[in-house]
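Enquirer: Handing you this structure, nothing more for now.
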Amino acid sequence: MKSAGLSVLIPLHNWPVEGLVRALLAQLPDWPGPAEILLLDDGSAPEFRQRNRPLGALPGVQYDELPRNVGRAAIRNQLVARAEYPWLLLLDNDSSLPDAQFVARYAAAAAQAPVLVGGTCYPAAPPADAALRLRWHYGRQREQRPAAVRQQQPYAQLTINNLLIQAAVFRQFGLDEGLTRYGHEDTKFGWGLRDARVPVLHLDNPVLHDGLEPADAFLRKSREAVRNLASLYRAEGLGTDTRLLATALRLRRLGMAGTARQALRALEPQLRRQVLGPAPGLRAFDLLKLLWLLAELR
């Protein structure tokens, strides 16, 4: 691998990325070494493949397609396997850069740690479409956190999106391709780094999350993430430091899991109305996830 080079890795799925790629190309000269952008399509609809294919003709950009969808973990592992350079910048396809200094800030901080997490931000104004407000509200309240706050729990706050990492470190751990459903592949990756005591530095260098999902789709993905969390706990004993699993296990130790599950089941229609309404309640969302996890752990 070439010294000081950077491979920007973007998995594609049903999203146009021309704006993101061109913004990155404009900033890559700020990286102190050669750079490449790798785009790998993970089973997108034909119209999105047609829109993104021409990007492969841009200097420094490689585009390829997989014949079928392999999932969030496997697509990133494949991108890492194709990367040429010793630094990797992992970005989700529905991200946009905050300003013209995004790459420069990473370049200035790269010597401080082998793993750097830039964070995510969301628009200040709520979306006009009420169906998108749950995802926006959750992002603003739970994901958009300054680096100083994230650094207090550096491994728990690690996300694969907007992650600058040494290729050797990523390849040592990799993402668990057994987690085929949505969610917690980055959580398990963070646990591996924690156990190996790999330094992680959080930065105030967020990308803007553009791909807000409708509330019903976000609920489905959140339920998949709860199933993954339960699977990780049953198979490997992982996740006990998450608030959700810790709460469920505490209820079980106290002999209250069944009672809590029945009570939440009775409240489920009301909780769903609160979550799916025009002013989504995150407390109701937390209780729904607790219900799902208690059902998984029966």
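The values are calculated or read from the model by the stated rules, or taken from the named source; none is laboratory data. If you're wondering where the values come from, they're calculated on a predicted model, not measured in any experiment. Please note: Cβ atoms are built from the backbone with ideal geometry, for glycine as well, and neighbour counts cover all protein chains shown.
Results for (1) under 19 Å from LEU208 (Cβ atoms); (2) within 21 Å of the chain's Cα centre (by Cα); (3) modelled with pLDDT of 95 or more, shown as yes or no for each residue.
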site	(1), (2), (3)
ASP41	no, yes, yes
PRO46	no, no, yes
ASN52	no, no, yes
LEU58	no, no, yes
ILE75	no, yes, no
PRO98	yes, yes, no
VAL103	yes, yes, yes
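Enquirer: What number of residues in the range 254-298 are closer than 29 Å to ARG140 by Cβ and of a type in the set (Ser, Thr, Tyr)?
Expert: 0
Enquirer: Could you give every pair whose Cβ atoms fall below 8 Å, whose first residue belongs to the range 40-56 and is over 14 Å from PRO11 (Cβ atoms) and basic (Lys, Arg), and whose second residue is surrounded by fewer than 15 Cβ atoms within 10 Å (Cβ to Cβ) and modelled with pLDDT of 95 or more, counting only separations of at least 6 or pairs across chains?
Expert: ARG51/GLU18
Enquirer: I would also like to ask the following. Hey, does the range 111-121 have a residue that's surrounded by 15 or more Cβ atoms within 10 Å (Cβ to Cβ) and more than 28 Å from PRO29 (Cα to Cα)? Outline the logic, then answer.
Expert: Of the range 111-121, the ones surrounded by 15 or more Cβ atoms within 10 Å (Cβ to Cβ) are 113-121.
Then drop every residue that is not more than 28 Å from PRO29 (Cα to Cα), which leaves none.
So far as the range 111-121 goes, no, none of its residues is surrounded by 15 or more Cβ atoms within 10 Å (Cβ to Cβ) and more than 28 Å from PRO29 (Cα to Cα).
Enquirer: Return the residues of the range 57-69 that are in contact (Cβ under 8 Å) with a residue 40 or more places away in the chain and farther than 18 Å from LEU25 by Cα; say none if nothing qualifies.
Expert: ASN69
Enquirer: Counting only residues that are modelled with pLDDT of 95 or more, out of contact with any Gly (no Cβ under 8 Å at 6 or more places or on another chain), in a helix (DSSP H, G or I) and under 20 Å from ARG145 (Cα atoms), how many does the range 106-133 have?
Expert: 1
Enquirer: Does ILE160 satisfy the condition of being assigned to a loop (DSSP other than H, G, I, E, B), in contact with a strand residue (DSSP E or B) (Cβ under 7 Å, 6 or more places away or on another chain) and buried (at least 20 other Cβ atoms within 10 Å of the Cβ)?
Expert: Values: assigned to a loop (DSSP other than H, G, I, E, B): yes; in contact with a strand residue (DSSP E or B) (Cβ under 7 Å, 6 or more places away or on another chain): yes; buried (at least 20 other Cβ atoms within 10 Å of the Cβ): yes.
So ILE160 passes the test.
Enquirer: Something else: Tally up the residues in the range 122-151 that are touching a helix residue (DSSP H, G or I) at 6+ places or on another chain (Cβ under 7 Å), among the aliphatic types (A, V, I, L, M) and surrounded by 18 or more Cβ atoms within 10 Å (Cβ to Cβ), please.
Expert: So the count comes out to 1.
Enquirer: Among (1) out of contact with any Gly (no Cβ under 7 Å at 6 or more places or on another chain); (2) crowded, with 16+ Cβ neighbours inside 10 Å, which single condition is ASP241 missing?
Expert: Exception for ASP241: condition (2).
Enquirer: Now for a different question. I'd like to know if the range 137-152 contains one or more residues that are over 30 Å from GLU18 (Cβ atoms), outside the structural domain of ARG273 (by TED's automatic domain parsing), at pLDDT below 95 and touching an Asp or Glu at 6+ places or on another chain (Cβ under 7 Å).
Expert: Checked the range 137-152: no residue is over 30 Å from GLU18 (Cβ atoms), outside the structural domain of ARG273 (by TED's automatic domain parsing), at pLDDT below 95 and touching an Asp or Glu at 6+ places or on another chain (Cβ under 7 Å).
Enquirer: Taking GLY192, is it touching a residue at least 12 places away in the same chain (Cβ under 8 Å), under 30 Å from ALA104 (Cβ atoms), of a type in the set (Gly, Ala, Ser) and not in a helix (DSSP H, G or I)?
Expert: Spelling it out, it is not the case that GLY192 is touching a residue at least 12 places away in the same chain (Cβ under 8 Å), under 30 Å from ALA104 (Cβ atoms), of a type in the set (Gly, Ala, Ser) and not in a helix (DSSP H, G or I).
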